[in-house]
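**Q** Dumping the structure here so I can ask a few things about it.
The values are calculated or read from the model by the stated rules, or taken from the named source; none is laboratory data. Here the structure is a predicted model, which means the values were calculated and not measured. No Cβ is skipped: glycine too gets one built from the backbone with ideal geometry, and neighbour counts run over all protein chains shown. Side chains are part of the model used for accessible areas, which takes the heavy atoms of the whole protein and leaves out ligands, DNA and RNA. Shrake-Rupley method; radii C 1.70, N 1.55, O 1.52, S 1.80 Å.
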Amino acid sequence: MLFSPYTIRDVTFKNRIVMSPMCMYACDREDGTVHNWHLIHYASRAVGQVGLIIVEATAVTPQGRISARDLGIWNDDHIDGLRTLTSLVHEQGAKIGIQLAHAGRKAMVAGEIIAPSPLPFDETMRTPKEMTKADIEETIHAFQQGARRAKEAGFDVIEIHAAHGYLINEFLSPLTNKRTDEYGENRYRFLSEVIEAVKEVWSGPLFVRISASDYHPDGLTVNDYVEYAKRMKAQGVDLIDVSSGAVVPAKIDAYPGYQVPFAETIRREANVATGAVGLITSGRQAEEILRNGRADLIFIGRELLRNPYWPKTAANELGIQLEAPKPYVRGW
Ligand SMILES: Cc1cc2nc3c(=O)[nH]c(=O)nc-3n(C[C@H](O)[C@H](O)[C@H](O)COP(=O)(O)O)c2cc1C
């Protein structure tokens, strides 16, 4: 199954292997633009036969960057570089998505940082300003403009980053959202409005990445996310990319496939497509997840940093003859 195609809306991925979004912090000019590193890095994984590449967390506002070296999509000037990136990846037969992000209280850039409530992540981080209604409206608009630019740049998929304790996740979790207005009474409201705003300008495949557990006794669990996933599906989200943690400092016992049970539960209980991610490193492990109906797509992170040809490695392991990029036929 790992090497069978998968179609969402009118986009077909040639296999089920997805490059998980991974920040490169490689914008040396600190202006959010695509640099040579990004072109080389992502195109290499396309040559390596990944079906769908999801570009790293890309900031919808400058103050929403994790660091000054993040990629950005807050300005029309970002579109040209991103278009070069999507066409390079398309030339190599892969599809390409982008993760639209706002770091909220975890932003480590100069100036004011914002979040649903004025609570710092830990004692080393700054206290954010509690967002006003105007801040909320502006930020939703920024996600929409990011989506519009992603479309103009030629992306096939948009993934909204609602995981890892960044802004949207901060609205969802009761540990970080202490508001008493409508965005606190209904903690899903902010994400819901971001999805609706994105949908006004984007009709392609839409993914949302979530943290399915806060790993905290008063935090969210996978059961809460089953309910959120049902709402996302009803709004037209095509796939939930199931990660976990990083909302508050917590110790996580990570072992091979440790997040897969979350993807499986959400897929079964909310009847929605899911992506599994986290310490998935072998072809057999990926195949098991797909064949046992635990997820629909397999997201690979660090293993693809170590080995851009991981799809070839996985195919060898599964006894599958993967077609070589033409210039490599003699060495494949
Ligand atoms: C260098 C690096 C950067 C990352 N940046 C992002 C990111 O931009 N967005 C995101 O959702 N997750 C990010 N992650 C998490 C990965 O997408 C992935 O979920 C995590 O590494 C677990 O998968 P793995 O065990 O296959 O690496 C990052 C991970 C690494 C190692």
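**Q** Quick check on my filter: what residues within the stretch 114-163 are polar (S, T, N, Q), surrounded by fewer than 23 Cβ atoms within 10 Å (Cβ to Cβ) and in contact with a Gly (Cβ under 9 Å, 6 or more places away or on another chain)?
**A** SER117
**Q** Now, a different point. Under the condition of being buried (at least 18 other Cβ atoms within 10 Å of the Cβ) and not in a helix (DSSP H, G or I), which residue from the stretch 164-174 is farthest from the ligand (Cβ to nearest atom)?
**A** SER173
Residues checked against (1) away from the ligand (no atom under 15 Å from the Cβ); (2) within 18 Å of the chain's Cα centre (by Cα); (3) among the aliphatic types (A, V, I, L, M):
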residue: VAL260; (1), (2), (3): no, yes, yes
residue: ASN271; (1), (2), (3): yes, no, no
residue: ASP296; (1), (2), (3): yes, yes, no
residue: ILE300; (1), (2), (3): no, yes, yes
residue: LEU304; (1), (2), (3): no, yes, yes
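**Q** Moving on to the next point. Exactly one of these conditions fails for GLU196: (1) surrounded by fewer than 14 Cβ atoms within 10 Å (Cβ to Cβ); (2) at positive phi. Give me its number.
**A** (2)
**Q** Looking only at the stretch 182-223, count how many residues are touching a residue at least 40 places away in the same chain (Cβ under 8 Å), part of a helix (DSSP H, G or I) and under 22 Å from ILE96 (Cα atoms).
**A** 4
**Q** Going by what's in this entry, would GLY331 be described as open to solvent by less than 80 Å² (accessible area, probe 1.4 Å), more than 16 Å from the ligand (Cβ to nearest atom) and at pLDDT below 95?
**A** Criteria met by GLY331.
**Q** Still on this structure, please answer the following. From TYR225, TYR188, TYR255, grab the single residue that is within 16 Å of the ligand (Cβ to nearest atom) and either touching a Cys at 6+ places or on another chain (Cβ under 9 Å) or closer than 15 Å to GLY165 by Cα (or both).
**A** Exactly one of TYR225, TYR188, TYR255 is within 16 Å of the ligand (Cβ to nearest atom) and either touching a Cys at 6+ places or on another chain (Cβ under 9 Å) or closer than 15 Å to GLY165 by Cα (or both), namely TYR225.
**Q** Is it the case, given these coordinates, that ILE96 is of a type in the set (A, V, I, L, M, F, W, C), over 17 Å from GLU137 (Cα atoms) and modelled with pLDDT of 95 or more?
**A** yes
**Q** Looking at the stretch 117-126, can you tell me whether even one residue there is without any contact (Cβ under 8 Å) to a residue 40 or more places away in the chain and hydroxyl-bearing (Ser, Thr, Tyr)?
**A** Yes, because at least one residue in the stretch 117-126 is without any contact (Cβ under 8 Å) to a residue 40 or more places away in the chain and hydroxyl-bearing (Ser, Thr, Tyr).
**Q** Looking at (1) in contact with a Lys or Arg (Cβ under 7 Å, 6 or more places away or on another chain); (2) within 17 Å of TRP37 (Cβ to Cβ); (3) surrounded by fewer than 16 Cβ atoms within 10 Å (Cβ to Cβ), find the lone condition where ILE66 falls short.
**A** (3)
**Q** May I ask you to list pairs of residues, at least six apart or on different chains, whose Cβ atoms are under 7 Å apart, with the first in the stretch 151-170 being closer than 26 Å to ARG83 by Cβ and the second being in a helix (DSSP H, G or I) and basic (Lys, Arg)?
**A** The qualifying pairs are ALA153/ARG83; GLY154/ARG83; TYR166/LYS106.
**Q** To continue, here is another question. Within the stretch 87-104, which residues are assigned to a loop (DSSP other than H, G, I, E, B) and open to solvent by 10 Å² or more (accessible area, probe 1.4 Å)?
**A** Those that are assigned to a loop (DSSP other than H, G, I, E, B) and open to solvent by 10 Å² or more (accessible area, probe 1.4 Å): GLN92, GLY93.
**Q** Here's another thing I want to ask about it. Report yes if ILE66 is touching a strand residue (DSSP E or B) at 6+ places or on another chain (Cβ under 6 Å) and either at pLDDT 95 or above or not in a strand (DSSP E or B) (or both), otherwise no.
**A** It is false that ILE66 is touching a strand residue (DSSP E or B) at 6+ places or on another chain (Cβ under 6 Å) and either at pLDDT 95 or above or not in a strand (DSSP E or B) (or both).
**Q** Kindly provide the set of residues from the stretch 309-325 that are open to solvent by less than 30 Å² (accessible area, probe 1.4 Å) and within 16 Å of the ligand (Cβ to nearest atom), ordered by number.
**A** Result: TRP310, PRO311, ALA314.
**Q** Still on this structure: Hey, can you tell me all the residues within the stretch 13-53 that are without any contact (Cβ under 8 Å) to a residue 40 or more places away in the chain and open to solvent by 20 Å² or more (accessible area, probe 1.4 Å)?
**A** ARG29, GLU30, ASN36, TRP37, ILE40
**Q** Any idea which residue in the stretch 257-301 is surrounded by the most Cβ atoms within 10 Å (Cβ to Cβ), counting only those that are β-branched (Val, Ile, Thr) and in a helix (DSSP H, G or I)?
**A** Applying the filter and picking the extreme gives ILE266.
**Q** Do you know which residues across the stretch 12-39 are part of a strand (DSSP E or B) and in contact with a Leu (Cβ under 9 Å, 6 or more places away or on another chain)?
**A** PHE13, ILE17, VAL18, MET19, listed by residue number.
**Q** While we're on this one: Looking for something among the charged types (D, E, K, R) and open to solvent by less than 30 Å² (accessible area, probe 1.4 Å) - is there at least one such residue anywhere in the stretch 218-232?
**A** There is no residue in the stretch 218-232 that is among the charged types (D, E, K, R) and open to solvent by less than 30 Å² (accessible area, probe 1.4 Å).
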